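Participant: Here you go, one structure.
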Amino acid sequence: MTPTRAIRGAAEPGGILYLVATPIGNLEDITLRAIRILREADVVACEDTRRTRGLLSHLDVHTPTISLHEHNEQARIPQILALLREGKRVALVSDAGTPAIADPGAALVAAAAREGLRIVPVPGASAVTAAVSLADFPAERFAFVGFLPRRGAERRRMLEAVAGMPLALVMFEAPHRVREALDDLARVFGERRLVLVRELTKVHEQVLRGTASEVRAALGEAARGEVTLVIEGAPPARAAARQSPEQFLRDLLARGLSRRDAARALEVAYGLPSREAYRMATGEG
């Protein structure tokens, strides 16, 4: 392929599942390639059809949409796989950022991969890497925790499970839970530094730095927009005192962490593949 064709992007053969990153806030943060793929696709599978149609309208893209979200993903997968087998091009998007990462789509990607269907990533804006780039402490190596558990006790157990990692930790939190999450971070992580980014890439973007207690005080009571947190990794002495994955898992379950959250903590803490961590936590396979 010549450089000119790579830029213009002549239509590729059908039967492709495209994983298309969309803006996380500012609508200008979308690539020319993503626009082309959305326009050339036979259908766009999206988390919220109303939200995605708004984006497509802004881009002057008129591709049909179908919903694929956490409540219908399992039922929708056979339909999308059938389209791919027929040679159709399906563009998968989430409400913001890259699909299948802390968003619906992972089960579809796994199902398509099992069938040997072609899957093509179309990278773009990322709240994770944008937030990590703002860290004023070592964050070249980091682990993505995703959304913290909603319930306080489970959230604290999750934080305790990953607190000993020598890597920076990246977490998402909803605005109505961020103050409680910062209180828990203060209890578990103490004086470790963190960066809180709110309304990333939007007009009211806010970046707060300090310990969890300092950031909690600076945030005040009015927090809107989803929050991304980057937390400094554990000191080497604490990180060295680690259990075996099996003992780590037993301790998590004994403390009442759900098997799903235990699998996620195991994956983050030991760098295990998600399927292996899930298998260990559930005893399946």
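Participant: Does residue 128 satisfy the criteria of being closer than 16 Å to residue 19 by Cα and either in contact (Cβ under 8 Å) with a residue 24 or more places away in the chain or not in a helix (DSSP H, G or I) (or both)?
Facilitator: The answer is no for residue 128.
Participant: Still on this structure: Kindly establish whether residue 102 is in a loop (DSSP other than H, G, I, E, B), touching a residue at least 40 places away in the same chain (Cβ under 8 Å) and farther than 19 Å from residue 39 by Cβ.
Facilitator: Yes.
Participant: Look through region 260-275, keep the residues that are touching a helix residue (DSSP H, G or I) at 6+ places or on another chain (Cβ under 8 Å) and of a type outside the set (A, V, I, L, M, F, W, C), and return whichever of them is least open to solvent (accessible area, probe 1.4 Å).
Facilitator: So the residue we want is 261.
Participant: Going by the conditions given, is residue 270 at pLDDT 80 or above and out of contact with any His (no Cβ under 8 Å at 6 or more places or on another chain)?
Facilitator: No: the conditions fail for residue 270.
Participant: Within region 65-99, track down each residue that is basic (Lys, Arg) and either touching a helix residue (DSSP H, G or I) at 6+ places or on another chain (Cβ under 7 Å) or in a helix (DSSP H, G or I) (or both).
Facilitator: Once the filter is applied, which keeps residues that are basic (Lys, Arg) and either touching a helix residue (DSSP H, G or I) at 6+ places or on another chain (Cβ under 7 Å) or in a helix (DSSP H, G or I) (or both), region 65-99 yields 76, 85, 89.
Participant: Scan region 154-200 residue by residue and report those that are open to solvent by less than 40 Å² (accessible area, probe 1.4 Å) and assigned to a loop (DSSP other than H, G, I, E, B).
Facilitator: 163, 164, 165, 167, 174, 190, 192, 199, 200, listed by residue number.
Participant: Considering only residues of region 172-222 that are within 20 Å of the chain's Cα centre (by Cα) and small (Gly, Ala, Ser), which is nearest to residue 130 (Cα to Cα)?
Facilitator: Restricting to residues being within 20 Å of the chain's Cα centre (by Cα) and small (Gly, Ala, Ser), the top hit is 174.
Participant: Out of curiosity, is residue 134 closer than 25 Å to residue 180 by Cα and at pLDDT 95 or above?
Facilitator: yes
Participant: Something else now. Among the candidates 232, 214, single out the residue that is modelled with pLDDT of 80 or more and touching a Pro at 6+ places or on another chain (Cβ under 8 Å).
Facilitator: It is 232.
Participant: Here is a further query. Within region 29-60, work out how many residues are in a loop (DSSP other than H, G, I, E, B), more than 17 Å from residue 89 (Cα to Cα) and either at pLDDT below 95 or open to solvent by less than 80 Å² (accessible area, probe 1.4 Å) (or both).
Facilitator: Number satisfying all stated conditions: 6.
Participant: Pairs please, first residue from region 195-218 and at positive phi, second anywhere and crowded, with 20+ Cβ neighbours inside 10 Å, Cβ atoms under 6 Å, 6+ apart in sequence or on different chains.
Facilitator: Matching pairs, first to second residue: 201/24; 201/25.
The values are calculated or read from the model by the stated rules, or taken from the named source; none is laboratory data. Treat the numbers as computed from the prediction; the structure is a model and nothing was measured. With ideal geometry, Cβ positions are generated from the backbone for all residues, glycine too; neighbour counts draw on all protein chains shown. Ligands, DNA and RNA are stripped out before the accessible areas are found, and what is left, the full protein with its side chains, is counted by its heavy atoms. Shrake-Rupley method; radii C 1.70, N 1.55, O 1.52, S 1.80 Å.
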